[in-house]
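Worksheet: one structure, shown below.
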Amino acid sequence: MYIFNDSKKFKLVCVKYDNCIEFKVNRNGNVIEGILSKGVYYNWIAFPSLNTSCQLADFSDSFWNEEQLFNVFHNDFDVSTVLMTISELKDLFSQDYQSYTDGYKFMSTREYIFWLENQCEVLSYQMIDMQTRFESQLNIDLEEELLDERNQYHDMMRFQYDDTIFE
C-alpha cells in the first residue's frame, strides 16, 4: 500500500496490482476513488462510484488529460485533484516491489504474504527463545519437536512460493 501525505491536505492511498492502481484520494474533505490503468495502446482511469471512465493520454500530458477529466467532473477542483493523483502515481507503474522501510514502493501480493509470514516467524522464533529459557528453568526439553515443526513450515513455504521468492 502506498500512502502519500502533503501539506495541502492531500492524502492518497492506493494499491497496485498488475497494470492497475486502485486509489482513494482525499483533498480538503473531498474523496475520489478510482482505478488508474496503463495499457499497451492507451491509458485510462475509471471511477466506479460514478459509473464512468475515460481514456487518458500519456500520464504526463496534463493538458489533454485535464480536458478528458473535465468531461467527467465538470469542476476544476476535482479535475486538479485527479491530475495531482495521476502525477503521484505515474512513476509507480515501473515499480513492482516495495521497500520495507520507506513504504513508497510496491511489492507483489506474493511478496507481501511472504513478508507477513516471515514477520510471524521472527516473532515465533522470539517466543520459542523465551519458551526455551523458561523450559530450562523447569528442566523440560521441547526444542527438538519445535525445530521439526519449524523445518516443516519452511518446507511448506518453499513449496507454496517456489524458490524464486528466495532469490
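The values are calculated or read from the model by the stated rules, or taken from the named source; none is laboratory data. It should be emphasised that the depicted structure is a prediction, and the values quoted were computed from it without experimental measurement. Backbone-built Cβ (ideal geometry, glycine too); neighbour counts: all protein chains shown. Protein only, heavy atoms only, side chains kept; ligands, DNA and RNA dropped before computing areas. Shrake-Rupley method; radii C 1.70, N 1.55, O 1.52, S 1.80 Å.
Quick notes on this structure:
- Region 60-74, residues that are open to solvent by less than 20 Å² (accessible area, probe 1.4 Å) and under 24 Å from the mean Cα position of the chain (by Cα): none
- Verdict on Lys90 being of a type in the set (Lys, Arg) and either open to solvent by 40 Å² or more (accessible area, probe 1.4 Å) or farther than 28 Å from Ile113 by Cβ (or both): yes
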